[in-house]
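Single-structure report; data block below.
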Amino acid sequence: MQRTLVLLKPDCVQRRLMGEVISRFEAKGLEIVAMKMIRITPELSRQHYAEHVEKPFYRGLEAFITSAPVLAMAIEGLEVIRVVREMLGATSGLKAAAGTIRGDYSSSRQMNLVHASDGEEAASRELKLYFSEEEFCEFDSVM
Ligand code: CMP
């Protein structure tokens, strides 16, 4: 069983698409084991996006990700890191395939609605930025 960090970004919150995106994860049978709305600070943005801080688009990315609240979620399931990334589609909404979350709802490279960890190491590091161990709520599945 794996866990991954998913962020519903400011554009997702502001466009009232949170329910739609959460529904897709639930319909897939994934388990949301923690969830909170927070406003990302510039410091947390630099920690979260450490690998992008030196990139030309980072300034715009920080302005965007700190512009409104995000919904942070820990999602659990078999191979969930890969499964969620596939459900999101390509980074740019313009390139993401129809049927994926970004492909269906985004036409932007930056405002691409959802972030998800891209590997086990990233998931472990990113989950710790948003949640403490006691915030994870396991439950029995009836599916
Ligand atoms: P995410 O999956 O959260 O990881 C890094 C984020 O940076 C990405 O989604 C986009 O929001 C943003 N991003 C990636 N590449 C670019 C780019 N070339 N221009 C602007 N924003 C980008």
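Which one, Met35, Leu113, Val84, projects farthest toward the positive side of the charge dipole computed for region 2-132 from Cβ point charges (K/R +1, D/E -1)? The residue sitting farthest along the positive end of the dipole is Leu113.
Approximating the spin labels as points 7 Å out from Cα along Cα→Cβ, the Arg16-to-Ala63 distance works out to 2.8 nm. Annotation: amide H of Gly93 within the under-5 Å range of Ser108, Arg109, sequence separation 5 or more or interchain, hydrogens built in the peptide plane.
Do any chymotrypsin sites (Phe, Trp or Tyr not before Pro) in region 92-137 lie in a loop, going by DSSP, with at most 16 other beta-carbon atoms within 10 Å of their beta carbon, and if so which? Before the final figure, lay out the partial values.
On the way: sites: Tyr105, Tyr130, Phe131, Phe136; in loops: Phe131, Phe136.
Listed in order of number, the matching sites are Phe136.
Ordering Ile81, Ile40 by the number of other Cβ atoms within 10 Å of each residue's own Cβ, fewest first, gives Ile81, Ile40.
Per residue, the average separation of C-alpha pairs within less than 8 Å and at least 6 apart gives region 2-132 a relative contact order of 37 percent. Compared with the alpha-carbon gap, the fully stretched path from Ser92 to Ser107 is longer by 4.7 nm at 0.36 nm per residue.
Counting other Cβ atoms within 10 Å, keep those with at most 16, restrict to DSSP loop, and tell me which trypsin sites (Lys or Arg not before Pro) in region 18-96 are left. Display every interim value, and only then the final one.
Details: sites: Arg24, Lys28, Lys36, Arg39, Arg46, Arg59, Arg82, Arg85, Lys95; in loops: Lys28, Arg39, Lys95.
Passing both the DSSP loop test and the Cβ count: Lys28, Arg39, Lys95.
With neighbours defined as other Cβ atoms within 10 Å of a residue's Cβ, the residues Ser107, Ser117 order from fewest to most as Ser107, Ser117.
Give me Rg over Rh for region 2-132, both radii from the alpha carbons and Rh done the Kirkwood way, two decimal places.
Numbers: Rg = 13.5 Å, Rh = 14.6 Å.
My calculation of the ratio gives 0.92.
Applying both filters, DSSP loop and at most 12 other Cβ atoms within 10 Å, to the GluC sites (Glu not before Pro) of region 34-121 gives Glu54, Glu79.
The lysines whose alpha-carbon is closer than 30 Å to the alpha-carbon of Lys95, local same-chain residues fewer than 8 away aside, are Lys9, Lys28, Lys36, Lys55. Ranking of Glu126, Glu133 by neighbouring Cβ atoms within 10 Å, starting from the fewest: Glu133, Glu126.
Values quoted throughout were computed directly from the atomic coordinates according to the rules given, and no laboratory measurement underlies them. Treat the numbers as computed from the prediction; the structure is a model and nothing was measured. Cβ coordinates were reconstructed from backbone atoms using ideal geometry, including for glycine residues, and neighbour counts include every protein chain displayed.
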